[in-house]
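Below: the structure, in structure tokens.
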Amino acid sequence: MRVWGFHLAVVALLFGLQFVLPPYHFTNFARIMVLAVFAMGYNIAFGVTGLLSLGHALLLAAGMYGTGLAISVLGWAALPALLAGLAAGGVMALAAGVLALRTAGVAFMIVTLMFAQAGYLTILYFGPVTGGDEGLVLAQGARVIGGVDLAADTPRYLVALALFAFALLANLALVRSRLGRVMVAMRENEERSRMLGYNPFAVKLAALVISGLYAGAAGAAYAVLFGYVGASFAGIQYSILPLLWVLLGGAGVVLGPLVGVLVMFYLIDLASGYTTAHLLVVGLALLVLVLFAPKGILGSLRERAWPWLP
Amino acid sequence: MAAMSLLSARGLIRHFGGLRAVDGVDFDLAAGQIHALIGPNGAGKTTFVGLLSGRIPVQSGTIWFNGQDITRLPAHRRVALGLAYTFQITSIFAALSIYDNVALAVQRLHRRDLRAHSMAHLARVGLKGRADQVAGTLAYGHQRLLEIAMGLALEPRLLILDEPTQGLANAEIDGFKALVQGVVGQTTVLLIEHNMEVVMDLADRITVLDGGRVLAEGAPAEVRANRAVQAAYLGG
């Protein structure tokens, strides 16, 4: 009860923030919530199930281009295009997972990294359709659902919040479910899990597909809410970022991804106000984290004060 | 294959390079018994049960379980058929609660009343009061008990216990013997064990392995009287 109440309170807090946030931060928070959905998906694969993927940009881009191309090439309306992006994330995760899960550990990292690079290069190769390096700007007229213009600040914030809230509560339900327990078991001791009758391949594939649906939903929402689809989101940076967000916020903690994205976003935002070497600041922050709180912000909090935090 | 056997193996072979770990073993296990598997160090006991449980692939030979050829089935499918294995080196989920450890075994079988079933299995090994404790913080003897509770929670037709009393104190060994005697009737037990006292007290039947082959098989008294067995153990 306390657990659900706490997470609902976080959603309520984010709802309330729209009335006090200045415009600049208002847009930032919409972006943070969408990226947090991506990070939650990463957390389900990495934090919960122990799958260290270095190719999640592929899944984000699948959602983004699934939606973007449905709008720009096929002329679909925003709502079916969003669903196309969601499905693209899941299908891409299934296809990549069936192959990549034949490996484990370092080999899994390398294979996922290579898949993502292949996806990135594919996007560049089909430049005339995908916009290549420059990407695609989605027309404002295509970013409307039921007469509501999602390019406007308040609807954008509320749609981002709705997506985030649904993703958060679904994530919470997942980690408290039987499947969630088996996913954690795979992370902790795969051989023992197998000798309890669980098929590691099937469980890890399920985790990856769920993760892909999250990444796909985030990519799709990003395309519609911010009107831009670009190859940079398929690059290596967007495979590494979710790993850093999750480590910073707390791997395996349901709210960890939100905290990680939020802190990293404003760390970069603040640092770039003072220096062009803002990545140096990020690097130092991560060093401090590794040295003093290796379980991340919420992971450390759970260890020291809030053992009930899922 | 013998029709009455719960498990039968014929001509099982597994070599590792030049090492003939299991070298042509025929084996039959009758349902409802406690069957012990003994032999000197390096006799191939753990490799042999690795072949039975599916953790190690069979090189040649056939295994039947409950009338079904399981030779090529992956380990998790064999567990689902009712063949459970508890690890020689304690292999619990150290970071999870004791409850979660057992619930993982229970939840595949029971859609409902997960908590009640899990607690019943914990009560059986005397760990009910510690359900919320992190498993890795248990004393070694209790971790062994948790390992056995996880095996029993699978409600297997055959429970393979790989050196379950290793590292236990004498009082704990007595508790373990009572526990295993208590499950006869519900499951068949294949016991790999070094402690001869435990073997002689518990086993209905004993198979002796040496050098990857069956050296002797029979009731405890027969095996004890067997000169070849004495030679293998005493180096005579």
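Quick note: the coordinates plus some simple rules give every number you see, no bench work behind them. As the structure is a prediction and not an experimental result, all values here were calculated from the model. Here Cβ is always computed from backbone atoms with ideal geometry, including for glycine, and neighbour counts include all displayed protein chains.
What do the square roots of 5 times the Cα gyration tensor eigenvalues come to for the range B:94-153, in whole Å, largest first, as semi-axes of the equivalent ellipsoid?
For the range B:94-153, the ellipsoid semi-axes come out as 18, 11, 10 Å.
Amide H contacts of residue B:7: B:29, B:66, each under 5 Å away and 5 or more positions distant or on a separate chain (H built 1.01 Å from N in the peptide plane; Pro and chain starts excluded). Model label points for residue A:125 and residue A:11, set 7 angstrom from Cα along the Cα-to-Cβ axis, are 4.2 nm apart. Loop-located chymotrypsin sites (Phe, Trp or Tyr not before Pro) across the range A:12-121 with a Cβ neighbour count of 14 or fewer within 10 Å are A:19, with loop assigned by DSSP. Each of A:131, B:15, B:42 was scored by the projection of its Cα onto the charge dipole of the protein assembly as shown, and the greatest displacement toward the positive side belongs to A:131; charges sit on the C-beta of Lys, Arg, Asp and Glu.
Arranged from fewest to most other beta-carbon atoms within 10 Å of their beta carbon, A:239, A:232 become A:232, A:239.
With an 8 Å Cα cut-off and a minimum separation of 6 or more residues, compute the relative contact order for the range B:113-236 in percent. Walk me through the intermediate numbers first.
On the way: 106 pairs, mean separation 20.1, N = 124.
Relative contact order of the range B:113-236: 16 percent.
As a calculated quantity, the FRET efficiency between residue A:118 and residue A:279 at R0 = 35 Å, using C-beta atoms, amounts to about 0.85. Each other residue within a Cβ distance under 11 Å of residue B:206 adds +1 if Lys or Arg and -1 if Asp or Glu, for a net charge of -2. Here is how the number arises for chain A: DSSP H runs of 4 or more residues each give -39500 (n - 2.57), the sum is divided by the residue count, and the result at 222 nm is -24000 deg cm²/dmol.
So, counting K/R as plus one and D/E as minus one, what does the shell of residues with Cβ under 13 Å around residue A:229 add up to?
Values: positive: A:143; negative: A:133, A:134.
Combined, the nearby Lys, Arg, Asp and Glu give -1.
Compute the Cα gyration tensor for the range A:1-76, then decide on rounded, prolate or oblate, letting a ≥ b ≥ c be the square roots of its eigenvalues: rounded whenever a/c is under 1.5, prolate when a/b is larger than b/c in the other cases, and oblate in all that remain.
Numbers: a/c = 2.38, a/b = 1.20, b/c = 1.99.
Since a/c reaches 1.5 but b/c is at least a/b, the shape of the range A:1-76 is classed as oblate.
If you take the square roots of the eigenvalues of the alpha-carbon gyration tensor of the protein assembly as shown and sort them as a ≥ b ≥ c, do you get rounded (a/c under 1.5), prolate (a/b over b/c) or oblate?
Here the protein assembly as shown falls in the prolate category.
Net charge within 14 Å of residue A:309 by Cβ-Cβ distance, Lys/Arg positive one each and Asp/Glu negative one each, not counting residue A:309 itself? Present the calculation step by step, with values, prior to reporting the outcome.
On the way: positive: A:2, A:176, A:295, A:302, A:304; negative: A:303.
After counting each charged neighbour, the total is +4.
Using a cut-off of 26 Å between alpha-carbon atoms, which lysines can reach residue B:177, once sequence neighbours fewer than 8 places away in the same chain are excluded? The qualifying lysines are B:45, B:128.
Taking a ≥ b ≥ c as the square roots of the eigenvalues of the alpha carbon gyration tensor, chain A is rounded, as a/c is under 1.5. Dipole of the protein assembly as shown computed with +1 at Lys/Arg Cβ and -1 at Asp/Glu Cβ about the Cα centre; of B:185, B:158, B:139, farthest Cα towards the positive end is B:185.
Out of all DSSP beta bridges in the protein assembly as shown, what portion is antiparallel? Express it as a percent rounded to 5. If you can, show how the numbers build up before the last one.
On the way: 25 of 43 bridges.
In the protein assembly as shown, DSSP labels about 60 percent of beta bridges as antiparallel.
Given Cβ point charges of +1 (Lys, Arg) and -1 (Asp, Glu) and nothing else, what value in debye, to the nearest 20, does the dipole of the protein assembly as shown about its Cα centre take? Show your work: numbers first, answer last.
Values: 37 positive and 29 negative charges, 102 e Å.
My answer is approximately 500 debye.
Taking every DSSP helix (H) stretch of at least 4 residues in chain B, weighting each as -39,500 (n - 2.57) and dividing the sum by the residue count yields a mean residue ellipticity at 222 nm of -10500 deg cm²/dmol. Counting only Cα atoms, chain B measures 50, 38, 35 Å along its principal axes, largest extent leading. Whole-Hz Karplus values for the range A:282-291 come out as 4, x, 5, 4, 5, 4, 4, 4, 4, 6 Hz, taken residue by residue from phi with 6.51 cos²θ - 1.76 cosθ + 1.60 and θ = phi - 60°; glycine and proline positions read x.
Quick check for you: which residues of the range A:235-257 have the amide N under 16 Å from the point 7 Å beyond the Cα of residue A:286 toward its beta carbon? Answer for this model: A:235-251.
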